[in-house]
1. In segment 501-556, what count of residues is obtained for those that are of a type in the set (Ser, Thr, Tyr) and open to solvent by 10 Å² or more (accessible area, probe 1.4 Å)?
2. So, LEU264, is that one open to solvent by less than 30 Å² (accessible area, probe 1.4 Å), assigned to a helix (DSSP H, G or I), more than 17 Å from VAL499 (Cβ to Cβ) and not hydroxyl-bearing (Ser, Thr, Tyr) or not?
3. Of the residues in segment 536-559, how many are touching a residue at least 24 places away in the same chain (Cβ under 8 Å), assigned to a helix (DSSP H, G or I) and not polar (S, T, N, Q)?
4. For the subset of segment 440-450 comprising residues that are open to solvent by 50 Å² or more (accessible area, probe 1.4 Å) and small (Gly, Ala, Ser), which member is farthest from GLY544 (Cα to Cα)?
5. Select from segment 335-348 the residues that are at pLDDT 85 or above and hydrophobic (A, V, I, L, M, F, W, C) and write down the one among them that is least open to solvent (accessible area, probe 1.4 Å).
6. Just wondering, is there one or more residues in segment 472-481 that are in a helix (DSSP H, G or I) and free of Cβ contacts under 8 Å to residues at least 12 places away in the same chain?
7. For residues in segment 390-399 being open to solvent by 30 Å² or more (accessible area, probe 1.4 Å) and touching a residue at least 60 places away in the same chain (Cβ under 8 Å), which is farthest from PRO160 (Cα to Cα)?
8. Tally time: how many residues in segment 494-535 are among the aliphatic types (A, V, I, L, M) and either part of a loop (DSSP other than H, G, I, E, B) or modelled with pLDDT of 95 or more (or both)?
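The values are calculated or read from the model by the stated rules, or taken from the named source; none is laboratory data. All of these numbers come straight from a predicted model, not from anything done at the bench. Cβ placement follows ideal geometry from the backbone for every residue including glycine, while neighbour counts extend to all protein chains displayed. Accessible surface areas use protein heavy atoms only, side chains included; no ligands, DNA or RNA. Shrake-Rupley method; radii C 1.70, N 1.55, O 1.52, S 1.80 Å.
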Amino acid sequence: MTQGILALIAFTPILLILVLMVGLRWPATRAMPLAWGATILLAALVWKTPTNYLAAATVKGINSALEILTIIFGALVLLFTLREAGVLVAINRGFRSISKDRRVQAILICWLFGAFLEGAAGFGVPAALLSPLLVTLGFPALAAVTVSLIANTTPVSFGPVGVPTILGLGTPLNTSVVQVALAEKGLSFSQFIYEIGFWTAVLHSVMAVFVPLIAVSMMTKFFGTKRSYKEGLQIWPYAILAGLSFVVPYMLTAWLLGPEFPSLFGGLVGLCIMLPVTKAGFLVPKEPWDFPDRAHWEKIWLGTFTIDESEAEPGIPLWKAWSPYALVGLLLVVTRIDALPLKAFLKSIPITMNDLFDTDLKTKLEPAYNPGIFPFMFVGLLCAPLFRMKSSSITKAWRESVTRIKTPAIALLFTVPMVEVMQAGHSPQGWESMPIVVAQYISQSVQGAWPLTAPFVGAFGAFIAGSNTVSNMLFGLFQYSVAEKLRISHIIILSLQNVGGSFGVLVCVFKIIAASATVGLSGVEGLIIRRNIVPLVIYGFVVGVTGMVLVNWFLPGLF
């Protein structure tokens, strides 16, 4: 069997997902079980993966899906608790007092506050928390999810606290071969990871300045009365300032402190700059932009999450309304810093399963460390005495959370195991796993244009695995080997992989399902993927061209 045919067969499950969800507009609850079944058949009949490995990969995938579902459920519990307490209405009024322009609201919430949450927590938390917050402001549910996903691209490589870079790339690259090569260049492994982090920030920043503008332009195009990009582009001075307010501290942090805190500090500093700027009206358009009247919204725009402002408690001050989110942010930070004892304590009670079905596969759950439990559910429970909630309101919040989790649970309990089966490998023919086979074929086909292709490999990894971190683990050593073979900068190629893994979340089924679930959307995953392909291609092309320029002209000697 030729490598091209093998690569095409390996790509079949992904092609099936694209056809069913993007082409035929099937919901993930129908498409993903079929894709999982097709993957099992390919692995068993073509790759001849042993049955015990298929079973082990499926169990590992189910455990990972449960981890994701716990995060979603925790976000839902917090969300509905805040709704029942009247907190979301108070926050809604606060943002309206800053600006009535929906474009401004989207930038402040999704771009800057979302970057802070990504830097602290990651794992799809920003889109899952911020999409419903936008709905409370009057955004259509589909618009809220779309904008949240587009804005949550640049910060992903450094959230939570640098895990995709430090562990995602550090784990597969920490080999004797790489260590020897670094020693010959006088570099330590920690310096190597630091350099990758810095150049990741540089490559991201080329596009990051424009991400807020792209997000609001997509919003006005698909959800405006005039259906025009122009209405989004009209806010370009404000959007560019918001981009720079994040990018400058983002790059400085990556340069001065390393890969742990660029997204967290970039979002926090950006908020400190843009909130007073917005309040003062600087660069804010005089004519605020809004969605059409709700009566003219398309049915597909609507989710099932709503709030009734007429029944909300009017006396909640803004500082008190924001206190649960502030506490969530604080707890996420202090539980993600190694130097503080809380992280070790929360991780000290894992549920571990080694040697699943007599294989080398293993899985581990850390319930206390899962952000869905701590801090989301924890803060949700604290809201009861803080806002003097009735027991009936608390019960209603939890009951609705259980109801909402059912649809994403069906999709994710097939999606994540499918990915694990694709990655299982262990073919008696000596073939690599399905994603690696596809990437190897592409690398041989493009040769000198690899810097332009490298970020899309990272995006492909994020699409199938749902994570920048997993994409880096999957393709990190592969990207290093391609750079070695082509004799171009390893650091720049690995940085391009890291960048691609972040903007790949635009079409990641996991993240789309998670964000959609919080606002009660289902069956729109294919539509979101189809629309998000445009910003994904733009992002990848720009950083790819930048990478080609760097490796060929500006940094040909960089390791």
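1. So the answer is 2.
2. Working: open to solvent by less than 30 Å² (accessible area, probe 1.4 Å): yes; assigned to a helix (DSSP H, G or I): yes; more than 17 Å from VAL499 (Cβ to Cβ): yes; not hydroxyl-bearing (Ser, Thr, Tyr): yes.
Taking the combined requirement at face value, the residue satisfies it.
3. Of the residues in segment 536-559, 13 are touching a residue at least 24 places away in the same chain (Cβ under 8 Å), assigned to a helix (DSSP H, G or I) and not polar (S, T, N, Q).
4. Looking at the filtered set, the residue picked out is SER445.
5. LEU346
6. In the first step, residues of segment 472-481 are kept if they are in a helix (DSSP H, G or I); the result is 472-481.
Imposing the further condition that a residue be free of Cβ contacts under 8 Å to residues at least 12 places away in the same chain reduces the set to 481.
Taking every residue of segment 472-481 in turn, at least one turns out to be in a helix (DSSP H, G or I) and free of Cβ contacts under 8 Å to residues at least 12 places away in the same chain.
7. The first filter runs over segment 390-399 and keeps only residues open to solvent by 30 Å² or more (accessible area, probe 1.4 Å), leaving 390-392, 394-396, 398-399.
Add one more test, that the residue is touching a residue at least 60 places away in the same chain (Cβ under 8 Å), and what stays is 394, 396, 398.
Details: ILE394: 30, LYS396: 31, TRP398: 27 Å.
Among residues in segment 390-399 that are open to solvent by 30 Å² or more (accessible area, probe 1.4 Å) and touching a residue at least 60 places away in the same chain (Cβ under 8 Å), the one farthest from PRO160 (Cα to Cα) is LYS396.
8. As a first pass, look at segment 494-535 and keep what is among the aliphatic types (A, V, I, L, M): 494, 496, 499, 505-507, 509, 512-515, 517, 519, 521, 524, 527-529, 533-534.
Add one more test, that the residue is either part of a loop (DSSP other than H, G, I, E, B) or modelled with pLDDT of 95 or more (or both), and what stays is 494, 496, 499, 519, 521, 524.
Residues meeting the conditions: 6.
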